[in-house]
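Since the structure comes first, as C-alpha cells, the remarks are kept for the end.
The values are calculated or read from the model by the stated rules, or taken from the named source; none is laboratory data. Quick caveat, the model's predicted, so the values are computed rather than measured. Please note: Cβ atoms are built from the backbone with ideal geometry, for glycine as well, and neighbour counts cover all protein chains shown. Calculation scope for accessible area: heavy atoms of the full protein, side chains included, ligands and nucleic acids excluded. Shrake-Rupley method; radii C 1.70, N 1.55, O 1.52, S 1.80 Å.
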Amino acid sequence: MSTELSGGTAGPDALRPLLELVLAGLRAGAERRGGPIPAGSPALIAEQTAAALGITEDEDALLRLTEFLAYGSADPADPACAAHLHCPPLAVAVAADLAVSALNPSQDSWDQAPAATALETALLAELAELVGFQRGRAAGVLTSGGTESNLMGLMLARDQILGGTVELDGLPAGRRPRIFASRAAHFSVQRAAALLGLGENAVRAVPVDRELRMDAGQLAAALAEAVRAGETPIAVVATAGTTDTGAVDPLHEAAELAARYGAWLHVDAAYGGGALLSDRLAPLLDGIGRADSVSLDWHKLGWQPVAAGVFLVRQAQTYASLARRAVYLNPADDEQAGYPSLLGLSLRTTRRADAFKIAVTLRTLGRAGLGRLVDSCHELALGAAEVVRADPALELHCEPILTTVVFRYLPASGDPAEADRINAELRRVLLREGRAVVGRTELPGEGPGRVRLKLTLLNPHATAAEVAAVPAAVVRAARSLSDGT
Ligand SMILES: *Cc1c(COP(=O)(O)O)cnc(C)c1O
C-alpha cells in the first residue's frame with residue numbers, strides 16, 4: 001500500500017505513477033459517460049456510488065474511483081453542460097493547483113507558506129488595480145467564493161458603520177440597521193445578514209427592470225424611506241453581473257447614494273468581475289472602483305478550479321475589525337521583525353494557497369489572453385440568443401449581457417402555468433437522458449409564467465453549432481413531453 005508523501009525531492013517520483021492512474025481514470029470515465037452528465041436517475045447514481053465505495057483495501061481504488069467520479073460528473077468542458085456559473089477549468093490552472101496540493105502551504109502564517117504568503121499579497125495588489133483601487137491602499141484575501149466574500153463585505157460594513165457592536169435587543173427600533181440590495185441580488189446577502197446578527201429582514205429588496213438591473217430611482221426612494229422611518233442604512237449591495245442575466249446594477253448611482261447616506265458600498269462582481277479582463281466588456285463595470293469592497297470569483301469567468309474567490313477592500317484600514325493576534329501564528333515580535341501575516345485578513349485559519357493557480361494563469365495567458373476567452377463566451381451567448389429568437393417555439397427573455405441566455409419553451413396553448421410545468425420538466429428529461437445540463441430559474445414577481453431556462457456559456461472552446469444544439473434539444477424534449485413519446 002502506498003504511503004509515500006507528495007513533498008520533498010522524492011514526492012514527484014511517488015506522484016508520477018499515481019498521476020498516470022488518475023489521468024487514465026479521467027479518460028476512461030469521460031468515455032463511459034459520453035456526454036455532459038451520466039444518463040439515469042439520482043437513485044441510480046447513488047446505487048453505483050455505494051457499490052464503488054467500501055473500506056476494505058483495494059489497490060486499484062485510485063483508478064477505479066477516479067474513473068467512477070469522471071463518469072459520474074457533470075462536465076463543464078462538454079458544450080452541452082451549461083446550467084450554472086460552473087466553469088471548465090483550464091488545464092494549466094489545474095496543474096498549478098496540483099503543485100499547491102503537493103506542497104500544502106497554509107496561508108495563516110508565514111512559516112507555513114513563505115512564498116505563497118508573498119504571492120497572495122502580490123496577486124491581490126494586481127487585482128486591486130484591475131478593479132480600479134489604488135495599489136498600496138487596498139487590501140484583500142482569497143476566499144471560498146462570492147458567498148464568503150459577500151459575508152466579509154457586509155461584516156466590515158456592519159463594523160464600520162455601527163462601530164462593531166450590534167445589540168439587537170438593545171438597539172432602539174429607530175436605529176435598525178438596513179442593507180439595500182436588488183431583488184436579483186445573490187441569496188448569500190440575506191444569509192450574511194442573518195449570520196451577522198442583523199436578521200434576514202434587514203435586507204431591503206430594491207426592484208429591478210426586465211433585465212434584472214437594480215432601479216436607481218427605487219434605491220434612492222428605499223434609502224429615503226428607511227431614513228424617514230429612523231432606520232440606519234449600513235450597506236448598499238450592487239450586483240455587477242446578476243447570476244441569471246448578468247445585468248450590472250448602476251454602479252455610479254449606487255456609489256453616490258451610498259455616500260449620501262453614509263452607507264458602505266459592496267459590489268458583488270462574483271460573476272461580472274470577469275468582464276474586467278475584456279476590453280469590450282470592461283466598460284460595463286465602470287464605477288466599480290468606487291466600491292468600499294468587492295467580490296470576484298475566478299472559478300466563474302476565470303476558468304479556475306474551485307475555490308478561487310477574491311475579496312477586496314478599497315482601504316486596508318477598514319479591515320481593522322477582523323485583525324486577530326494568535327500568539328502561535330502571528331506574534332507581535334515576529335511581525336516587528338518583518339514576518340508578515342495574512343491571518344487578520346480572513347475569516348478562516350488554515351487556508352489553501354488558492355492564489356497560486358490564478359497567478360500562474362494570469363502570468364501564462366496575461367489579461368489579454370483571458371479577455372479573449374471572456375469575449376468568446378460572450379459571442380457564444382449572442383449567437384445562442386439568435387438561435388433562440390429564430391425559433392418560434394422559444395422565447396428569449398432579454399439580450400445577453402455577459403455570457404448567459406435566459407429563455408423558455410412556449411407551449412402552443414400559451415398557458416403560463418403549463419409553460420412553467422413543461423420547462424421545469426423538460427430540463428429533467430434532458431438530465432435523465434444525459435443529453436444536456438440546462439439551467440432553470442424564475443423571474444422575480446408573483447404568479448405563474450415566471451419559470452425560465454438558462455444557458456450559462458463558460459466554455460470558450462465550444463463552437464456555435466455545439467451551443468445551438470442545446471436549444472434544439474430543449475424543443476425536442478418539450479415535444480416529446482407533449483406527445484407523450
Ligand atoms: C455565484 C455567485 C455568488 C456566490 O458565489 P460562490 O462562489 O458560489 O460562493 C454570489 N454572487 C453572485 C452574483 C454570484 O453569481
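A few notes on this one:
- The residue of the range 83-109 that is most open to solvent (accessible area, probe 1.4 Å), among those that are among the aliphatic types (A, V, I, L, M) and in contact with a Lys or Arg (Cβ under 8 Å, 6 or more places away or on another chain), is V94.
- Screening the range 36-78 for residues that are assigned to a helix (DSSP H, G or I) and of a type in the set (S, T, Y) and picking the one that is farthest from C377 (Cα to Cα) gives T49.
- Among (1) open to solvent by 10 Å² or more (accessible area, probe 1.4 Å); (2) within 24 Å of the chain's Cα centre (by Cα); (3) not aromatic (F, W, Y), the one test that L458 misses: (1)
- A residue that is at pLDDT below 95 and more than 30 Å from A323 (Cα to Cα) can be found somewhere in the range 404-412.
- Members of the range 5-47 that are of a type in the set (D, E, K, R) and loosely packed, with under 14 Cβ neighbours inside 10 Å: D13, R16, E20, R27, E31, R32, E47
- Selection of the range 52-82 for residues being under 17 Å from G25 (Cα atoms), without any contact (Cβ under 8 Å) to a residue 24 or more places away in the chain and open to solvent by 70 Å² or more (accessible area, probe 1.4 Å) yields L53, D60.
- Of the helices (runs of 4 or more DSSP H) lying entirely inside the range 79-189, those containing at least 3 residues that are of a type in the set (G, A, S) and over 21 Å from the mean Cα position of the chain (by Cα) are 91-103, 114-131.
- Of all residues in the range 20-44, those that are within 19 Å of P79 (Cα to Cα) have Cβ atoms under 7 Å from Cβ atoms of residues that are open to solvent by 50 Å² or more (accessible area, probe 1.4 Å), 6 or more apart or on another chain, in G29/L69; G35/R435; A39/R432; A39/E433.
- In the set G338, G366, only one residue is among the small types (G, A, S) and assigned to a helix (DSSP H, G or I); that residue is G366.
- Here E120 fits the description: farther than 30 Å from T463 by Cβ, open to solvent by less than 40 Å² (accessible area, probe 1.4 Å) and of a type in the set (D, E, K, R).
- Residues in the range 413-455 that are of a type in the set (D, E, K, R) and farther than 27 Å from L380 by Cα: D415, E418, R421, E446.
- Residue count, the range 199-228 (criterion: open to solvent by 30 Å² or more (accessible area, probe 1.4 Å), under 25 Å from Q160 (Cβ atoms) and assigned to a strand (DSSP E or B)): 2
- For the range 207-228, a residue qualifies if it is within 16 Å of the ligand (Cβ to nearest atom) and either at pLDDT below 95 or among the charged types (D, E, K, R) (or both), and the qualifying residues are E211, R213.
- Every pair of residues 6+ apart whose Cβ atoms lie under 8 Å, when the first sits in the range 129-156 and is within 9 Å of A192 (Cα to Cα) and modelled with pLDDT of 95 or more while the second is in a helix (DSSP H, G or I) and more than 12 Å from the ligand (Cβ to nearest atom): L151/L195; M152/L322; L154/A193; M155/S321; M155/L322
- For the range 430-450, the count of residues that are open to solvent by less than 60 Å² (accessible area, probe 1.4 Å), over 22 Å from A385 (Cβ atoms) and either hydrophobic (A, V, I, L, M, F, W, C) or in contact (Cβ under 8 Å) with a residue 60 or more places away in the chain (or both) is at least one.
- Filter result (more than 30 Å from A381 (Cβ to Cβ), more than 15 Å from the ligand (Cβ to nearest atom) and either out of contact with any strand residue (DSSP E or B) (no Cβ under 6 Å at 6 or more places or on another chain) or open to solvent by less than 30 Å² (accessible area, probe 1.4 Å) (or both)) within the range 229-250: A229, G230, P233, I234
- Unique residue being over 20 Å from L370 (Cβ atoms) and within 24 Å of the chain's Cα centre (by Cα) when the list is Y319, Y261, Y271, Y328: Y319
- Selection within the range 66-86 - away from the ligand (no atom under 16 Å from the Cβ) and under 22 Å from A465 (Cβ atoms): D75, A77, D78, P79, A80, C81
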